[in-house]
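J.: Just dropping this structure here.
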């Protein structure tokens, strides 16, 4: 079993080399040196403060964390630790979304909503679920992965997926506690995301989703665009492409079979759609992945 200092060194090296998962794999009492300078966080960062506290800057604004609170560092942020209390005890986890993007679904958008809907987002909160977050961070830090061990690869992938959805759930509850107007807007959007996840393989028409939510297609798309930057149709198309990529990578299904899964008129129509969205045909994508 690694000591705290050894785990801290391993975390430092993982962050410096841009690893997909960088975890303290348990409690540590200090930050890696790389985080004491301005550090670009390209994935998602989580720091659970178990004892003591620290202050930090995030995108040039100063915040502080105390015992029992969790710091959420959003994607593409500039982070720097400014001050650390002597009795600090914490767990850290930084991870990339890309390895699980093809199975995440549109609900990952909830991870961005809080900062989009709030002029002064609070990145620090007591979620009431700190113990569970600590468990995920520890598990992810202790799963060994080698190129030959396909089981550990999928174990890490599923743990990342589960943690990300837990964070989405935390963010969603936080947003729904906002003022009435923002809360209603967010609630409609979350319901839209749920509907898309349920029906996107059969339904691509914006009117279908608008009818389910008792709104006009124009109003629903405007609401979606204002929250996440995508229209309803774009969200549906993103879901189709995400699932298509997963099927091309992980199954032996033919292009025709995948086209049928999404209720396209024929394989040619599906191929045109896929190429317009990704820049390559389904067959070209599969050949590239299989190399």
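J.: Among the numbered conditions (1) at positive phi; (2) part of a helix (DSSP H, G or I), tell me where residue 219 comes up short.
T.: All conditions are met except number (1).
J.: Checking residue 230 against (1) outside any helix (DSSP H, G or I); (2) closer than 19 Å to residue 269 by Cα; (3) in contact with a helix residue (DSSP H, G or I) (Cβ under 7 Å, 6 or more places away or on another chain), which test does it fail?
T.: (2)
J.: Here's a follow-up. Which fully enclosed strands (runs of 3 or more DSSP E) of region 12-80 have 3 or more residues being over 18 Å from the mean Cα position of the chain (by Cα), surrounded by fewer than 19 Cβ atoms within 10 Å (Cβ to Cβ) and in the same structural domain as residue 98 (by TED's automatic domain parsing)? I'd like the intermediate steps shown before the answer.
T.: On the way: elements: 21-23, 39-41, 44-51, 53-58, 61-66, 70-73.
Result: 53-58, 61-66.
J.: In region 254-290, which residues are exposed (fewer than 15 other Cβ atoms within 10 Å of the Cβ) and within 21 Å of residue 157 (Cβ to Cβ)?
T.: Passing the criteria: 288, 289, 290.
J.: Return yes or no: is residue 253 in the same structural domain as residue 193 (by TED's automatic domain parsing) and part of a loop (DSSP other than H, G, I, E, B)? Working first, answer last.
T.: Details: in the same structural domain as residue 193 (by TED's automatic domain parsing): yes; part of a loop (DSSP other than H, G, I, E, B): yes.
For residue 253, the condition - in the same structural domain as residue 193 (by TED's automatic domain parsing) and part of a loop (DSSP other than H, G, I, E, B) - is met.
J.: Here's another thing I want to ask about it. Across region 81-91, what is the total count of residues that are modelled with pLDDT of 95 or more and touching a helix residue (DSSP H, G or I) at 6+ places or on another chain (Cβ under 8 Å)?
T.: The qualifying residues number 1.
J.: Across region 1-28, what is the number of residues that are touching a strand residue (DSSP E or B) at 6+ places or on another chain (Cβ under 8 Å) and under 25 Å from residue 98 (Cβ atoms)? Write out each step before concluding.
T.: First pass over region 1-28, keeping only residues touching a strand residue (DSSP E or B) at 6+ places or on another chain (Cβ under 8 Å): 4, 7-8, 11, 14-15, 20-24, 26-28.
Those still in the list that are under 25 Å from residue 98 (Cβ atoms) too: 7, 11, 14-15, 20-24.
Number of matching residues: 9.
J.: Tell me which residues, restricted to region 190-216, are outside any helix (DSSP H, G or I) and without any contact (Cβ under 8 Å) to a residue 40 or more places away in the chain.
T.: So in region 190-216, the residues outside any helix (DSSP H, G or I) come out as 200-205, 213-216.
Hits for region 190-216 are 203, 204, 205, 213, 214, 215, 216.
The values are calculated or read from the model by the stated rules, or taken from the named source; none is laboratory data. What you see is a predicted model, and the numbers here were worked out from it, not measured in a lab. Using ideal geometry, Cβ is built from the backbone for each residue, glycine included, and neighbour counts are taken over all protein chains shown.
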